[in-house]
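Read through the structure below, which is laid out as C-alpha cells, and then see the notes.
The values are calculated or read from the model by the stated rules, or taken from the named source; none is laboratory data. Being a predicted model, the structure only gives us computed values, none of them experimental. Note that each Cβ is placed from the backbone with ideal geometry, even for glycine, and that neighbours are counted across all protein chains shown. To get the accessible areas, we keep the full protein, side chains included, count just its heavy atoms, and leave off ligands, DNA and RNA. Shrake-Rupley method; radii C 1.70, N 1.55, O 1.52, S 1.80 Å.
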Amino acid sequence: MPSPDGSISSAPPSALPGTVPGAAASAMPPEVTGSGQTPGGQTGRQSGGQAGLKAVDKETTAGVLFGIGAYGLWGLLPLYFFVLQPAGAVEIVANRVVWSLLFCALLITVTRAWRVLGAAFRDRSVFGTLSLAAALIAVNWLTYTYGVTTGQAVEASLGYFINPLVSVLLGVFVLKETLRPLQWAAVAIGFIAVAVLTYSYGKLPWIALTLAVSFGLYGFVKKRVGPKAGAVTSLTVETIVLTPLAAATMIFLAVNGTATLASSGAAHFWLLAASGVITAVPLLFFGASARRLPMTTIGLLQYFAPLLQFVVALAVFQEAMPFERWIGFGVVWLALLVLTVDMLAAARKNSVARKLTLREARTDT
C-alpha cells in the first residue's frame, strides 16, 4: 500500500488519533508559547493565545481526518479489486500505472509544477532514487493485488502489520541505529509471530513478507529524496518510469485476448480507468495529514489500513482464519503494541526535553 509518497511512511503503512504531548506547542505562534507579547497586554496575550490554540486544534483535527481518509481508502482497496473481477493482478497494476500517469499530468498542470518535475528529471540523484522507488512500489502493488485477487487478503494485511517491524530492522542494519530495549523486544516477538504463522500456513508467508520488505525499502528510498521532490512530483516520476512497461503489458494482454479493459462492458472500463484517481487521492490526503501531524500520530494511524483490510478479508471475502492463525496474528499485534508503547514513551520524553529547552530559552531572554 503505498503510501502515498511512499513515506511512507512509509510507509505504508491504528487508532489513537491525537497529538503527542508538546508536539502542538512546538508548532504554536509566539503568542501561544509565551515567547512574544501582543499590543493589548495580558488580555491581548490571552486572546491571542486562545486564537492560536484554536488554529492549532483545527489543523490537528484536519490532519487526523485527512490521515483517516488516506488510510481508510487504502484499507478498503481490496473491495475495489474485488469489483474489478475478472481482471487479474497484472492487468490491474498495468492499468493503475497508465491511468495514474494521466491523473498526475492533470495535477501537475493544475499546480503548475512542470518546472519542478523537470528539475527532478535533471537531478540524477533524484531521478535515480525515484526509479529505484518505482521498481519497489511495482513489486509491492503486484504482490498486494495478487494476494487480494487470489483469496489471500488476510495474509496481505499481515504484510502491513509487519511493516513497522521491518522499518525498525532497516534502521539497525542500514542506518546503524541503536535500538531501545522495547524495540528489540518488539522485533523478537515479531520473529516468533512469523514462526507461528509459518506453521499455520504450512509455508513461509511470502506474500506478507514481500509486502513488508518492499514497502519498508520503498519508504527508506523515498526518505533519501527528502524535500527535493514533493508527493505529486515523486509519484509522477515513478509513474513515468513504470509507464512504458505498463503500456506494453496492456498491449500484450489485448493482443492475446486476455485483457478485460474493453471487453467487459462500459462499467468495467470506467472502474479500471478510475484507478488513477484511486491511486492519487489517498496520497494527497496523506500529504495533507503529514503536514499537520507529528510523525508519532502518523505512525499510530498507519495501523488503521491493515486493520480494515483484515476486517474486509474476514467479513466480506469470508477467508478462513484457523485458530493457530489467530494466535500468530495475536503475537504480531502484541509486537506492535510493544512498539507503540515505546514510540509514545520516546515522544513523551522528547516533548519534555523540548519544553525544558523552551523554558530555559525564555529564562535567558
_Per q in 0.12, 0.23 Å⁻¹, report the Debye log10 I(q)/I(0) for segment 243-365, using one uniform scatterer on each alpha carbon and no solvent._
-0.83, -1.25
_Between E324 and D57, what is the label-point separation in nm under the 7 Å Cα-to-beta-carbon projection?_
5.3
_Testing the spin-label approximation: label points 7 Å from Cα along Cα→Cβ at A119 and L182. State their distance in nm._
4.0
*Protein-only accessible surface order, largest first, of D123, D342, D57 at 1.4 Å*: D57, D123, D342
_Alpha-carbon centroid distance for the pair segment 128-202 / segment 268-321, whole angstrom_ = 17
*asked:* If I histogram all Cα-Cα distances within segment 127-264 using bins 10 Å wide from 0, what percent of pairs lands in each bin?
replied: 11, 31, 33, 19, 5, 1
_Heavy-atom accessible area ranking, 1.4 Å probe, most first, across W206, W270, W74_ = W270, W206, W74
_Accessible surface of R354 - all protein chains present, 1.4 Å probe, nearest 10 Å²_ = 90
*Carbon and sulfur atoms: what percent of the 1.4 Å accessible area of segment 218-365 do they account for?*
68
*Two decimals is fine: what is log10 I(q)/I(0) at q = 0.16, 0.23 Å⁻¹ for segment 80-164, from a Debye sum with one equal scatterer on every Cα and no solvent?*
-0.81, -1.10
*asked:* Let me check something: with ligands and nucleic acids excluded, how do F82, F161 order by accessible area (1.4 Å probe), largest to smallest?
replied: F82, F161
